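The values are calculated or read from the model by the stated rules, or taken from the named source; none is laboratory data. Because the structure is a prediction, the values reported are computed rather than measured. FYI the Cβ positions are ideal-geometry reconstructions off the backbone, even for glycines, and counts take in every protein chain you see. Surface areas here come from the heavy atoms of the whole protein model, side chains and all, with no ligands, DNA or RNA. Shrake-Rupley method; radii C 1.70, N 1.55, O 1.52, S 1.80 Å.
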Amino acid sequence: MRAIIHVDMDAFYASVEQRDNPSLRGKPVIVGGHAQRGVVVAASYEVRPFGVRSAMPMARAVKLAPHALVVRPRFAAYAEASEQVFAIFERYTPLIEPLSLDEAFLDVTSSVGLFGAPADIARRIRKEIAAELNLPASAGIAGVKFVAKIASDLAKPNGQREVKPHETVAFLAGLPLSRLWGVGPKTEEELTRAGLKTIGDVASRDVEWLEARLGSQGRHLWELAQGHDSREVIPDRAAKSVGAEDTFEEDLTGVDLLRPHVHAQALRVARRLRKAGVKGRVIQLKLKFSDFSLITRRTTLPSPTDDGQTLYRAALELLERAHADRPIRLTGVSVQSLGEQEPQQLGLFSAPPPRSAKLNAVLDRITERFGSKAITTADIAGHDAEEEDGDPGTRH
């Protein structure tokens, strides 16, 4: 039997804000952008009783909880905390499948001999996250991914729940149909019209009866209701692109105002490329205007690179050619056509590495030790662009 742990950080972005700012602890916190056009990025548990949820329009959230403390998102801080969380996961297994910055599946089947029972491993992981990062996490433990995910949801906040194989069907039986992966509003409505209200109702039906109404999805749902989920934990797949983008608090017009943001994004992308051990040669610039229209511009470099200044020069040229004289709400820089850095055979008179490679290596060490704002370029200093990363879900 497999042993799967689903670890999910509790109100991750809001928890990071409360950790870093003691005055926010225990108070209703909304992490979000502009009050009129933004959306809720995260909601602390203290504000959720008022109906505030992630992805809700900020205007509605503020009406529901006018007393809440609104904090602008700091995606760079969340990405840094995420890296630390995943480093703790790696102490126990290499089989880690990230779902986002704040949750992942871990296959610990082969780890029990070293670290004990799966529930003990989950408990150790949560304890280390709390002790080292001062952040809460919940965990679900089961023999399949589907059940582990539900278990962690039910364990929130700051708890864990184990569902042993012989308990799986009974555990699922009383849960609503919406808990089944693949059941959206339309499917739920169809099942409800057929007299099914719970997962147990699906499990008790004949599979051919379900297939007659839902096609191949009927068998899939029946198997999940029985606790069958053959999907394995798949570690990070190779990234097809690496990018960073920012949505501005106020629209910006003109190259001069946009330049430092594009520069900061290019540097962030370059750091991610070097950390992933890949280079790319196709540079893409994304611009979203105040009317939400979107354009992209691309260019291909003569050779792959992971150097931030090279990326910036290419992105800046795209920006200047785009004639961005209208108000812009978002810019993004990404690199595509990625490939691993291949070791080069050294010749007797091989040229030394370029100065930029040495400089980048030093800058990466400084950033790793002191954070992304420890050293930067003059045009970026004082701007918020380096703090915000509008692509929080990307992992490499």
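For region 232-240, the count of residues that are open to solvent by less than 20 Å² (accessible area, probe 1.4 Å), modelled with pLDDT of 80 or more, among the hydrophobic types (A, V, I, L, M, F, W, C) and under 19 Å from the mean Cα position of the chain (by Cα) is nonzero. Being among the β-branched types (Val, Ile, Thr), out of contact with any Lys or Arg (no Cβ under 7 Å at 6 or more places or on another chain) and closer than 30 Å to Ala3 by Cα is a property that does not hold for Val39. Flag: Arg297 matches the condition of being in contact with a helix residue (DSSP H, G or I) (Cβ under 6 Å, 6 or more places away or on another chain), over 13 Å from Ser241 (Cα atoms), open to solvent by 70 Å² or more (accessible area, probe 1.4 Å) and modelled with pLDDT of 90 or more. Ala139 meets the conditions (1) in a helix (DSSP H, G or I); (2) crowded, with 23+ Cβ neighbours inside 10 Å in every case but one. The failed one is (1).
For (1) in contact with a Ser or Thr (Cβ under 8 Å, 6 or more places away or on another chain); (2) free of Cβ contacts under 8 Å to residues at least 24 places away in the same chain; (3) not in a strand (DSSP E or B), each residue gets a yes or a no:
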residue: Val7; (1), (2), (3): yes, no, no
residue: Arg19; (1), (2), (3): no, no, yes
residue: Arg53; (1), (2), (3): no, yes, yes
residue: Ala59; (1), (2), (3): no, no, yes
residue: Val70; (1), (2), (3): no, no, no
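Determine whether Ala79 is buried (at least 18 other Cβ atoms within 10 Å of the Cβ), modelled with pLDDT under 95 and out of contact with any strand residue (DSSP E or B) (no Cβ under 9 Å at 6 or more places or on another chain).
Against the criterion (buried (at least 18 other Cβ atoms within 10 Å of the Cβ), modelled with pLDDT under 95 and out of contact with any strand residue (DSSP E or B) (no Cβ under 9 Å at 6 or more places or on another chain)), Ala79 qualifies.
One residue stands out among those in region 146-193 that are part of a helix (DSSP H, G or I) and acidic (Asp, Glu): the one that is most open to solvent (accessible area, probe 1.4 Å), which is Glu189.
Checked against (1) touching a Gly at 6+ places or on another chain (Cβ under 6 Å); (2) closer than 18 Å to Val31 by Cα, Ser138 passes all but a single condition, namely (2). Candidates in region 197-221 are the residues that are in contact with a Ser or Thr (Cβ under 9 Å, 6 or more places away or on another chain) and either without any contact (Cβ under 8 Å) to a residue 40 or more places away in the chain or outside any helix (DSSP H, G or I) (or both); of these, the one that is most open to solvent (accessible area, probe 1.4 Å) is Gln217.
Restricted to region 277-321, and to residues there that are basic (Lys, Arg) and touching a residue at least 40 places away in the same chain (Cβ under 8 Å), the residue that is nearest to Leu338 (Cα to Cα) is Lys279.
The listed residues are Ser290, Ser303, and the only one of them that is among the hydroxyl-bearing types (Ser, Thr, Tyr), touching an Asp or Glu at 6+ places or on another chain (Cβ under 9 Å) and assigned by the TED database to the domain that holds Glu245 turns out to be Ser290.
Of the residues screened, Ser44 is not one that is touching a Leu at 6+ places or on another chain (Cβ under 7 Å), outside the structural domain of Asp251 (by the TED database) and open to solvent by less than 20 Å² (accessible area, probe 1.4 Å). Determine, yes or no, whether Phe50 is closer than 30 Å to Val112 by Cα and either surrounded by fewer than 18 Cβ atoms within 10 Å (Cβ to Cβ) or hydrophobic (A, V, I, L, M, F, W, C) (or both). So Phe50 does not fit the description; no. When the residues of region 274-296 are filtered to those that are part of a strand (DSSP E or B) and either basic (Lys, Arg) or on the phi > 0 side of the Ramachandran plot (or both), the one that is nearest to the chain's Cα centre (by Cα) is Lys286. Filtering region 79-117 to residues that are hydroxyl-bearing (Ser, Thr, Tyr) and either in contact (Cβ under 8 Å) with a residue 24 or more places away in the chain or assigned to a helix (DSSP H, G or I) (or both) leaves Ser82, Tyr92, Ser100, Thr109, Ser110, Ser111.
For the condition more than 18 Å from the chain's Cα centre (by Cα) and modelled with pLDDT under 95, Ala35 qualifies.
Yes/no matrix, rows are residues, columns are (1) in contact with a Gly (Cβ under 8 Å, 6 or more places away or on another chain); (2) open to solvent by 70 Å² or more (accessible area, probe 1.4 Å):
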{"residue": "Ala3", "(1), (2)": "yes, no"}
{"residue": "Phe12", "(1), (2)": "no, no"}
{"residue": "Gly33", "(1), (2)": "no, no"}
{"residue": "Lys63", "(1), (2)": "no, yes"}
